[in-house]
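**Student:** I have a structure I would like to understand better, so I am pasting it below and will then ask my questions one at a time.
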Amino acid sequence: MPSPYLPNTDADRQTMLREIGVGSIEELFKDIPERVRHARFKLPQPLSELELKKELSQLAGRNASLDNYACFLGAGSYRHFIPSTVEHVIGRSEFYTAYTPYQAEASQGTLQTTYEYQSLVCQLTGMDVSNAGMYDGSTAAAEAAITACIIKKRGKVAVSPAVNPTYRDVIRTYVQARNFSMETVDSNSSLPADCACLVVQHPNFFGYLEEVEACVQKAHDGGALLIAIVDPVSLGMLKPPGQYGADIAVADGQALGNPMSFGGPGLGLFACRREYLRQMPGRIVGKTVDVDGKPGYVMTLVTREQYIRRERATSNICTSEALMALAAAVYLATLGRRGLRQVAELCYHKAHYAAEKIARLTGYSPVFSKPFFKEFAIRCPVAPSQINRGLFNEGIIGGLDISHIIENGMLLCVTEMNTRQEIDKLVEILGAV
C-alpha cells in the first residue's frame, strides 16, 4: 500500500532503481537479513486527537516545570523574566519558520534583525564588532580560542581553572582537533611562552568576580590575547569587557529572552576588536545603501568553509541561531540600558540576601570570601544530593552539586525571578537539615 507521506510513484521508483543498477526493492535490501527486514512493531492502537492531547498533557505534567517549582539552579542556564514582546515578535511566521538566508540580500527583514542584534551585542560588551550568533557559550569560547591561535600563530591555549568545566571540555575538544593544545593556568602561574590566549570567565563558574584587569595585563605581557567569557545580564551593572581591555568577548545569550527549555537551544555571543574582524568566525551583516540611496542590509563577511576556500576558512559554524538572536535583540531593546541594570541589581541583591541568611545556618559556610554577582558556592553539612532531594519534595529545585570539586559543595543561583518567600523557604529547609 502506498505511503501517504512519500509522493514517489511506481514509475519514479523503477526509474531510481534502474539508475542505481538494481532490478527491485528486494534486490536493493538483500544485504539486510530476512528476519529483521520486515520487523513488526508492537504499537498501541491509534488515539483520537482528543485522547492524544490528554495523554501528552499527562506526560508533560510529569516534568518539573519552572511554573510550579522555585529554581536555584544556574551554572550556565538561567531562569530570567522574558517580556511578552519577545514571544510576540519571534512568533511571527516570517521569523519563526525562516532559516538562514542563502540568497541573503533577498531577505532584508532577517538581515536587518541580525544587524540590530550585532549592534546591541557591541553596545552590551563595549567591543567593536560582533558576529551573527553561534551555537552557545561553550562553542563561542572554543571558536574564540581557535581565532586567537590563528591571529597569534601560536598553538597553545591557557584557560583559568575557574572557567565552567563544560566550557573547558569543549575548548579542549576544539583545539585538539586543530592540533593545538590547552593548559589550565591559575592566577598565580605565568603563561607559557608560546601561548596564544588566556581564557577567563567573569563572573566565573563559582560566581565570584575575577580580577580581570590583572588577567588582561598578564595576557598582554605574554603577547597573548585575553578572551573574556561573560554573563550578559551582569553587564547591566559590571564594567563591559571592552572597557577593561579584553580582545575577544563571548557569552551564552540564553539569559537574554530565551527560556531554559530543558537545556537548549542556546545562543553564542561573540564580539572582538576591529583589528580581528577578518579572523572572526561565523557571519557578519552590514548596512549600506542601494543605487537609489535607500538603506539595505548585506552579508558583509562569511568566513565558513561553505563560502570560501577551505584553507582560508576560520570556522565551520553552520548556523546564525537567528531566532534566538532575534529574541535576544528584542529582549535588550525592550529592557533598554536602565531595564537591564535593574534586572542585574535585582539578581545581585537577592543573591546576597540569600547568601547572608544561609551563612548564618549551622553547618553551612561560603566557599569563597570574594565579591560575587548572582551565584555563590556553599559548603553543606551533608551531601548536596541528599539536600536537593529534600528540596525537590518541597517544590524547590536546588543548586548544582559540585562535590567532585569542593567537598559537600553546592553552587546556588538567585535571579530576579526568585521571590523573598522562595528564598526564605529555601533557607528554612536548609536549616532543618
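**Student:** Suppose we filter segment 359-406 for residues that are within 19 Å of Ala162 (Cα to Cα), among the β-branched types (Val, Ile, Thr) and either in contact with an Asp or Glu (Cβ under 7 Å, 6 or more places away or on another chain) or in a loop (DSSP other than H, G, I, E, B) (or both); how many remain? Write out each step before concluding.
**Tutor:** Taking segment 359-406 first, the residues within 19 Å of Ala162 (Cα to Cα) are 366-379, 399-406.
The next check asks that each one be among the β-branched types (Val, Ile, Thr); those that pass are 367, 378, 402, 405-406.
Now restrict to residues that are either in contact with an Asp or Glu (Cβ under 7 Å, 6 or more places away or on another chain) or in a loop (DSSP other than H, G, I, E, B) (or both): 367, 402, 405-406.
Residues meeting the conditions: 4.
**Student:** Please enumerate the residues belonging to segment 367-380 that are surrounded by fewer than 19 Cβ atoms within 10 Å (Cβ to Cβ) and either touching a residue at least 60 places away in the same chain (Cβ under 8 Å) or β-branched (Val, Ile, Thr) (or both).
**Tutor:** Matches in segment 367-380: Phe368, Lys370, Pro371.
**Student:** Looking only at segment 78-94, decide whether some residue is open to solvent by 50 Å² or more (accessible area, probe 1.4 Å), assigned to a loop (DSSP other than H, G, I, E, B) and among the polar types (S, T, N, Q).
**Tutor:** No, segment 78-94 has no match at all.
**Student:** Just to check your reading of the model, which residue among Ala142, Ala177 is surrounded by 19 or more Cβ atoms within 10 Å (Cβ to Cβ) and not basic (Lys, Arg)?
**Tutor:** Ala142
**Student:** Can you pull out the residues in segment 388-410 that are under 27 Å from Phe81 (Cβ atoms) and touching a helix residue (DSSP H, G or I) at 6+ places or on another chain (Cβ under 9 Å)?
**Tutor:** Leu391, Glu394, Gly395, Ile396, Ile397, Gly398, Gly399, Leu400, Asp401, Ile402, Met410
**Student:** Which condition breaks for Val250 when tested against (1) open to solvent by 50 Å² or more (accessible area, probe 1.4 Å); (2) of a type outside the set (Gly, Ala, Ser); (3) in a strand (DSSP E or B); (4) closer than 22 Å to Gly336 by Cα?
**Tutor:** (1)
**Student:** Another question, if that's okay. Can you tell me which of Tyr364, Tyr348, Tyr353, Tyr331 is farther than 23 Å from Phe205 by Cα, of a type in the set (Ser, Thr, Tyr) and in contact (Cβ under 8 Å) with a residue 12 or more places away in the chain?
**Tutor:** When all the criteria are applied, what remains is Tyr331.
**Student:** So, Ser365, is that one farther than 17 Å from Leu73 by Cβ and small (Gly, Ala, Ser) or not?
**Tutor:** yes
**Student:** Still on this structure, I have one more. Restricting attention to segment 320-356, which residues are among the β-branched types (Val, Ile, Thr) and crowded, with 17+ Cβ neighbours inside 10 Å?
**Tutor:** Listed by number, the residues that qualify are Val330, Val343.
**Student:** List the pairs whose first member sits in segment 103-123 and is under 26 Å from Gly137 (Cα atoms), whose second member is assigned to a helix (DSSP H, G or I), and whose Cβ atoms are under 6 Å apart, counting only residues at least 6 apart or on separate chains?
**Tutor:** Thr113/Leu326; Glu116/Ala329; Tyr117/Ala325; Tyr117/Ala329; Leu120/Ala329; Leu120/Leu332
**Student:** I've got another one for you. Would you check which residues across segment 114-145 are within 14 Å of Leu267 (Cα to Cα), outside any helix (DSSP H, G or I) and touching a helix residue (DSSP H, G or I) at 6+ places or on another chain (Cβ under 6 Å) and list them?
**Tutor:** Within segment 114-145, Ser130, Ala132, Gly133, Met134 meet the criteria.
**Student:** Only one of Arg168, Arg154 is open to solvent by 10 Å² or more (accessible area, probe 1.4 Å), on the phi < 0 side of the Ramachandran plot and part of a loop (DSSP other than H, G, I, E, B); which?
**Tutor:** None of the others qualify; the one that does is Arg154.
**Student:** Which residue pairs have Cβ atoms under 9 Å apart, sit 6 or more places apart or on different chains, and have a first residue in segment 21-41 that is among the small types (Gly, Ala, Ser) and a second that is at pLDDT 90 or above?
**Tutor:** The qualifying pairs are Gly23/Leu17; Ser24/Leu17.
**Student:** Look through segment 103-137, keep the residues that are of a type in the set (Ser, Thr, Tyr) and open to solvent by 10 Å² or more (accessible area, probe 1.4 Å), and return whichever of them is farthest from the chain's Cα centre (by Cα).
**Tutor:** Restricting to residues being of a type in the set (Ser, Thr, Tyr) and open to solvent by 10 Å² or more (accessible area, probe 1.4 Å), the top hit is Ser107.
**Student:** I would also like to ask the following. In segment 33-77, how many residues are in a loop (DSSP other than H, G, I, E, B), among the hydroxyl-bearing types (Ser, Thr, Tyr) and more than 19 Å from the chain's Cα centre (by Cα)?
**Tutor:** Here the count works out to 3.
The values are calculated or read from the model by the stated rules, or taken from the named source; none is laboratory data. Everything numeric in this text was worked out from a predicted model, so none of it was measured. So basically every Cβ, Gly included, is an ideal-geometry build from the backbone, and we count neighbours across all protein chains shown. Just the protein is used for accessible areas: all its heavy atoms, side chains included, with ligands, DNA and RNA removed. Shrake-Rupley method; radii C 1.70, N 1.55, O 1.52, S 1.80 Å.
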